[in-house]
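Asker: Here it is, the structure, as structure tokens.
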Amino acid sequence: MSSSRRALLKGASIAGVALAVPAVTQAQQSFNWKMTSAYGKGAPFYMEGPGSATDLARRIEAMSGGRLKIQVYGAGELIPALEGFDAVRAGTVEMNHANSYYWTGKTFAAQYFCAVPFGLNFQGINGWLYDGGGQELWNEVYAPFGMVALPCGNTGVQMTGWFKKEIKSADDLKGLKMRIPGLAGRVYAALGVDVKLLPGGEIFPALERGVIDAAEFVGPFLDRKLGLQKAAKYYYTTGWHESATVSELLINKAAWDKLPKDLQAVVTNASAACNVISEAWCQRNNAEAMDDLVRNQGVIARPLPDDVVRKLREATAQVLAEAVAKDAMTKKVHDSYMAYQKKYAAWARYSEGPYLDKILDV
């Protein structure tokens, strides 16, 4: 082989290696992100335990081989509890872990991706989000703010809440000071309730001191953890306000677009895993906690009177109708959600309904 040919092949080999280096570097690029939360450090379900924010971050790091590391901050550590929307929008942090109904002042439509009064249950909301167009609408709602979102947790059906006094009729709600977020807060307000929006950590002292007369948080396990049973004894149910409450992973769109497709897939699948795992955690722990609250702690657990539920349903219809009339995006999301719920309800009458009525024996 001539010296000139050897030189040519050597040059080509070096050039090939040089061209390959950027591709390898790009494939192995790593990212360090920050995630804030609306809940305090150590809070069960939301910040600690299976399916929580810290569990989600650990799963993403493990699944990405360490290429995407997420530092998790509890409420108040980096930003105040309910300022995650603005922080992600501004790019101060890449992610926030909370519930979309906290952003009602930003866009009313966001609440449909968390919980709608008299709405879908866990199976139903997942059907709408994953296979009924809900996820696409969620991102469409947040597009003007430069963000995307994913479902990353679910409490399942929640309890109506804790009341210092017995509720016998809708008249007993008038003038009641109650901690309640989201659409349910608007519904209660329509029936004369003085609605308060408080972070989880502030609920017990407010209820104990009489600053509020009633409070809703999540369910038996988490409510017991806050000690709410020590401040009120009437624990009502129906799950009318939050029949399945979705945890939201809010992501800055510019940061999201910089992630390689495989890392986007890692985040998406880790979030989906936490969505299912967290709800399973709630089912087990709520069953144990409810039994303890009733048997050992003097809690009086009962459903709301039918008349109260009827008034709440009527008020819900009014609140939603007013919101839909004011905003085209809300109407688009509302119509999709309600159309899916109608189809799901028809199926549930054949599936979940008979199971609860005829198979589940307590």
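Every read-out reported here was derived from the displayed coordinates using simple, explicitly stated rules and does not represent laboratory data. This one's a predicted model, so the numbers in the text were calculated from it and none came from an experiment. Glycine gets a Cβ as well: all are built from the backbone with ideal geometry, and neighbour counts include every protein chain shown.
Asker: How big is the charge dipole of the chain about its Cα centre, in debye rounded to the nearest 20, if each Lys and Arg gets +1 on its Cβ and each Asp and Glu gets -1 on its Cβ?
Answerer: Details: 40 positive and 36 negative charges, 176 e Å.
In debye, rounded to 20, the chain gives about 840.
Asker: Which Cα, out of Ala255, Leu360, Tyr142, lies furthest along the positive dipole direction of the chain (beta carbon charges, K/R +1, D/E -1)?
Answerer: Sorting the options by dipole projection puts first Ala255.
Asker: Sticking with this structure for a sec: Using a Cα-Cα cut-off of under 30 Å, which lysines could be cross-linked to Lys358, ignoring same-chain neighbours fewer than 8 residues away?
Answerer: Within reach: Lys168, Lys311, Lys342, Lys343.
Asker: Per-residue ellipticity at 222 nm for the chain, helices alone: DSSP H runs ≥ 4 residues times -39500 (n - 2.57), over residue total, nearest 500 deg cm²/dmol? Please list the in-between numbers first.
Answerer: Working: 12 runs with 169 residues, N = 362.
Calculated mean residue ellipticity at 222 nm is -15000 deg cm²/dmol.
Asker: Would you mind getting me the FRET efficiency between Ile300 and Glu77? Use the beta-carbon distance for r and R0 = 35 Å, nearest 0.05. It would help to have the intermediate numbers written out before the result.
Answerer: On the way: r = 37 Å, r/R0 = 1.07.
Step by step, r from the Cβ atoms, then E = 0.40.
Asker: Another question about this same structure. Give me the lysines in straight-line cross-link reach of Lys326: C-alpha distance below 22 Å, same-chain residues under 8 apart excluded.
Answerer: Partners within reach: Lys106.
Asker: Still on this model: At a Cα cut-off below 19 Å, give the aspartates and glutamates reachable from Lys331, other chains included and same-chain residues fewer than 8 away excluded.
Answerer: Partners within reach: Glu136, Glu140, Glu314, Glu322.
Asker: According to a simple spin-label model (label point 7 Å from Cα along Cα-to-Cβ), what is the distance in nm between Lys258 and Leu191?
Answerer: Going from the Leu191 label point to the Lys258 one covers 4.8 nm.
Asker: Sort the following peptides by mean Cβ neighbour count (other Cβ atoms within 10 Å, averaged over residues), highest first: 178-184, 320-326, 292-298, 73-79. Kindly include the intermediate steps, with their values, before the conclusion.
Answerer: On the way: 178-184: 24.6, 320-326: 14.7, 292-298: 13.0, 73-79: 18.6.
Peptide ranking by packing, descending: 178-184, 73-79, 320-326, 292-298.
Asker: How far apart, in nm, are the 7 Å Cα→Cβ label points at Ser30 and Leu356?
Answerer: 4.9
Asker: Next question, about the same structure. So how long is each side of the chain along the principal axes, counting just the alpha-carbon atoms, biggest first, in Å?
Answerer: Answer, in whole Å and largest first: 101, 43, 39 Å.
Asker: Then there's this: Tell me which of Tyr39, Pro305, Val294 sits at the most positive position along the dipole axis of the chain, charges placed on C-beta atoms (Lys, Arg +1; Asp, Glu -1).
Answerer: Towards the positive end, the residue furthest out is Tyr39.
Asker: What's the extension gain from Asn139 to Asp171 if we count 0.36 nm per residue and subtract their Cα-Cα distance?
Answerer: Gain on stretching Asn139 to Asp171: 7.5 nm.
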